[in-house]
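These notes are about the structure you will find just below.
Bear in mind that the values in this text are calculations on the coordinates, not laboratory data. Just so we're clear, the structure is a prediction, and the values are computed from it rather than from any experiment. Heads up, the Cβs are rebuilt from the backbone with ideal geometry, glycines too, and the neighbour counts pull from every protein chain shown.
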Amino acid sequence: MPIDPSTRTGRKALRHEMRMVAVRPRRWGLWLLAIGALLLIAPSAFGLHSLMGWSPVWLGLIACIAALPLLVAGALLRRRYRRERMMMRGSERT
């Protein structure tokens, strides 16, 4: 059953559907980005200068760099899904 965006419940269902596209890569990317940011500020904010022999700045940079492909992939998947959804919706009208 297609979603009707002209009704209030249809718009709500469409928003929910769009939010659920590529949730895992975006969620993992945001977690990695937050952890990376905390690790980057750890030496100055928390006085933490070593984590099991590793520099927290390097670990933070690695986490931030690992987060970027996940966030980009999530955005691209969402964009592709939205484009396909709009093309499908346009073909239903004609």
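The table below gives the values:
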read-out	value
Burial ranking of peptide ranges 31-43, 14-26 (average Cβ count within 10 Å, highest at the top)	31-43, 14-26
Dipole of the chain, positive direction: furthest Cα of Ile35, Pro56, Met18, with charges on the beta-carbon	Met18
Under the span-like rule (Cα at least 15 Å along the axis, Kyte-Doolittle mean at least -0.5), DSSP H helices of the chain	23-45, 56-93
Helical mean residue ellipticity (222 nm; -39500 (n - 2.57) per DSSP H run of 4+; nearest 500) of the chain	-27500 deg cm²/dmol
Stretchable slack from Ala45 to Arg79, in nm (0.36 nm times residue separation minus alpha-carbon distance)	8.5 nm
Pairwise FRET efficiency - Trp31 versus Met88, Cβ, R0 = 25 Å, nearest 0.05	0.20
Candidate values (1) 63, 23, 16; (2) 50, 32, 19; (3) 47, 25, 19, label of the one derived for Cα extents along the principal axes in Å	(1)
Net lengthening on full extension, Arg11/Trp54 (0.36 nm per residue, minus Cα-Cα)	10.6 nm
